[in-house]
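J.: If you scroll down you'll find the structure; I have some questions about it.
The values are calculated or read from the model by the stated rules, or taken from the named source; none is laboratory data. Note that the coordinates shown come from a computational prediction; the quantities given were computed from them, not determined experimentally. Note that each Cβ is placed from the backbone with ideal geometry, even for glycine, and that neighbours are counted across all protein chains shown. Accessible surface areas use protein heavy atoms only, side chains included; no ligands, DNA or RNA. Shrake-Rupley method; radii C 1.70, N 1.55, O 1.52, S 1.80 Å.
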Amino acid sequence: MKTEKREPEQYVDLGHSELENHLKTQAALYEKRLKEGTAANKVAAFFATNLLGFAYHYLKSRFGPKAAYQFYPSNGDDGIYPMHTYSDTVTLALVSDWATDTRESDQIGYLIRDHDPDYTIHLGDVYFVGTPEEIATNFTDPDASWHFGKHGSLALSGNHEMYSNGTAFFKKLLPAMKIRKGPQIATQQAGFFCLENEHWRIIGLDTGYNSTNRPLLEVLFKPDCNLRDEHLNWLTEVVKLNDPNDKRGIIFLSHHPYFSSFRDDHPVVGRQLKKAFGAAERPVLWFWGHEHRLSFYNKYGFSDGIQAWGRCVGHGGMPVETNPPDRGHLGQLLFYDQRIRERIRRRDVGYNGFALLSIQGPAIDIKYIDQNNHTVIAERWTVDPMGTLSSEILEVHPEVTKYE
Ligand SMILES: [Fe+2]
């Protein structure tokens, strides 16, 4: 009870913090940037066929040793953060492949700000290659359009952060990711985390660190993105994912997809998680990015891995792909946003967007919001006392058709 009574005081404390002041400064600069359109890049520069552009940034930054892996405990932090809110609903914005410093990424950043969530989480990929300058223009410059949630922000690494060896991800981005931990403000210490309350655990997984290995070769022969041993130890020994008495609903976040009907699967991660769960294994909801599209899957898993309902939200800031699926797991694909926003350089480009989670007790309402602030899909997830998840679709944009 005592802790709950202190909430307003903590809010006041936070109100005077560096984080809150930063938010206020940003609000003024957002307007300026919105009006003057000062984003440095054009979204067309990020087409997958822009090989020269990519090669330039890649070759400039790719060589040299990989940044040392950071893991918990670190500076007294165990990477577990209790969820906070000032109302009865915790709100959380998830956005992936967002950091392009384009007009589109600004638009999504401002929209997230307008929804004023408690938390904001980036699921990885800072373009082109996650250099200190790219972290600054997207996240930490006074007029950067990343919106810091009222109770904080967290970030995962994608493959692009690792194309510059991950140094700026660990040394620039993570120190900027501040998050409430009880009465304290913590700074993200590792590329994974657990945000939790009585009913839910939202666990960010680091598939980025092992998404690169040998320069150049990795572009052709893609690494399997496995979770490091330190990460797996944290899942079992600190998070205690294997505790059969813990029946909270599990939501995973990662940059790379567990499975896909469009591009590569990453089955090894699901296999590692099965082992980490042990007897406590249960199907999970899993958000990922990496593919620049919005897509929804029914429950699926490889025979030696966990079962998951997949949600791809990689449509944060890159040119969004709208092409139909052309490979495996087609039976599991429920929806994908195939709507065309415009043609840029004779290519169809879809709508950017993000996911907004509203967590209230055992239920989570999730809205997938596009750059025009329209709801593409709305769904509700519920966890029962046995830790079993169920869901229903609440709304589908009239131009989005069910995949069959
Ligand atoms: Fe990626």
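J.: Give the residues of the stretch 110-127 that are among the aromatic types (Phe, Trp, Tyr) and assigned to a helix (DSSP H, G or I), sorted by residue number.
T.: Answer for the stretch 110-127, where residues must be among the aromatic types (Phe, Trp, Tyr) and assigned to a helix (DSSP H, G or I): just Tyr110.
J.: May I ask you to say which residue of Phe169, Phe192 is among the aromatic types (Phe, Trp, Tyr), under 16 Å from Phe252 (Cα atoms) and open to solvent by less than 20 Å² (accessible area, probe 1.4 Å)?
T.: One residue alone meets the criteria, Phe192.
J.: How about the stretch 217-270: which of its residues are hydroxyl-bearing (Ser, Thr, Tyr) and within 16 Å of the ligand (Cβ to nearest atom)?
T.: Selection gives Ser254, Tyr258, Ser260.
J.: Part of a helix (DSSP H, G or I) and of a type outside the set (A, V, I, L, M) - does that describe any residue in the stretch 282-296?
T.: No: zero hits.
J.: If you don't mind, there's one more thing I want to ask. Quick one: Asn233 ticks every box in (1) open to solvent by less than 70 Å² (accessible area, probe 1.4 Å); (2) outside any strand (DSSP E or B) except a single one, so which number is it?
T.: (1)
Yes/no matrix, rows are residues, columns are (1) under 23 Å from His255 (Cβ atoms); (2) assigned to a loop (DSSP other than H, G, I, E, B); (3) touching a Pro at 6+ places or on another chain (Cβ under 8 Å):
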{"residue": "Ser303", "(1), (2), (3)": "no, yes, no"}
{"residue": "Arg343", "(1), (2), (3)": "no, no, no"}
{"residue": "Leu356", "(1), (2), (3)": "yes, no, yes"}
{"residue": "Asn373", "(1), (2), (3)": "no, yes, no"}
{"residue": "Met386", "(1), (2), (3)": "no, yes, no"}
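J.: Considering every residue within the stretch 315-322, establish whether at least one is surrounded by fewer than 21 Cβ atoms within 10 Å (Cβ to Cβ) and in contact with a Leu (Cβ under 8 Å, 6 or more places away or on another chain).
T.: No, there is no match, as no residue in the stretch 315-322 is surrounded by fewer than 21 Cβ atoms within 10 Å (Cβ to Cβ) and in contact with a Leu (Cβ under 8 Å, 6 or more places away or on another chain).
J.: Of all residues being closer than 16 Å to His256 by Cβ, away from the ligand (no atom under 16 Å from the Cβ) and in contact with a strand residue (DSSP E or B) (Cβ under 9 Å, 6 or more places away or on another chain) in the stretch 287-310, which is most open to solvent (accessible area, probe 1.4 Å)? Just the residue, please.
T.: Tyr300
J.: Test each condition in (1) closer than 16 Å to Lys172 by Cα; (2) crowded, with 18+ Cβ neighbours inside 10 Å for Thr140 and report the one that comes out false.
T.: (2)
J.: Assess whether Lys247 counts as being without any contact (Cβ under 8 Å) to a residue 60 or more places away in the chain, farther than 30 Å from Thr401 by Cα and not hydrophobic (A, V, I, L, M, F, W, C).
T.: Answer is no for this residue.
J.: Here's a follow-up. Those residues that are in a loop (DSSP other than H, G, I, E, B), within 29 Å of Tyr127 (Cα to Cα) and more than 16 Å from the ligand (Cβ to nearest atom), I need them from the stretch 79-97; list them, please.
T.: Matches in the stretch 79-97: Gly79 only.
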